[in-house]
């Protein structure tokens with residue numbers, strides 16, 4: 001846990017958050033690379049107010065994002081591993097960014113949730129973002145071109161974001 005605390009201190013002293021994204025992730029989860037990177041940048045900025053710097057090298061990144069084909073009995077949409085600083089998205093699920101669709105999960109919500117863990121936030125049932133279970137559509141739809149207040153984040157979420 002001390003190593004994780006040192007990682008967080010170093011991360012928040014940087015000008016940008018370095019993110020490595022698996023080169024094939026966008027096709028594995030059904031987006032253009034540009035749409036995926038925009039969703040990632042939006043999510044990082046909400047938590048940290050920092051820009052996202054994309055790294056070509058996996059080991060040079062503060063956060064790594066990749067897909068994983070989970071066991072079909074595993075109902076996790078995604079998970080974050082502290083020891084490897086890696087977010088893994090379950091390629092067995094379907095995601096959306098701008099157009100909610102039945103049976104799909106908001107990629108923004110999933111990224112916000114997993115990045116919350118990467119920035120030291122545990123599950124919290126008072127928060128729509130950090131609940132222990134994320135549900136598929138219908139759910140809040142967030143527009144990456146709007147502010148958190150315009151997107152209807154609660155004052156509780158805004159306080160979580162302001163911690164950084």
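The values are calculated or read from the model by the stated rules, or taken from the named source; none is laboratory data. These numbers were taken from a predicted model, which means no experiment stands behind them. Note: ideal-geometry Cβ built from the backbone for every residue, glycine included; neighbour counts use all protein chains shown.
Couple of notes before you dig in:
- Qualifying position, being in a strand (DSSP E or B), at pLDDT 85 or above and out of contact with any helix residue (DSSP H, G or I) (no Cβ under 9 Å at 6 or more places or on another chain), among 66, 53: 53
- The set of residues in segment 81-96 being part of a strand (DSSP E or B) and loosely packed, with under 15 Cβ neighbours inside 10 Å consists of 81 alone.
- Candidates in segment 132-164 are the residues that are within 26 Å of residue 62 (Cα to Cα) and either modelled with pLDDT of 80 or more or in contact with a strand residue (DSSP E or B) (Cβ under 9 Å, 6 or more places away or on another chain) (or both); of these, the one that is surrounded by the most Cβ atoms within 10 Å (Cβ to Cβ) is 142.
- In segment 65-80, the qualifying residues are those that are surrounded by 13 or more Cβ atoms within 10 Å (Cβ to Cβ) and without any contact (Cβ under 8 Å) to a residue 24 or more places away in the chain, and the one that is nearest to residue 52 (Cα to Cα) is 68.
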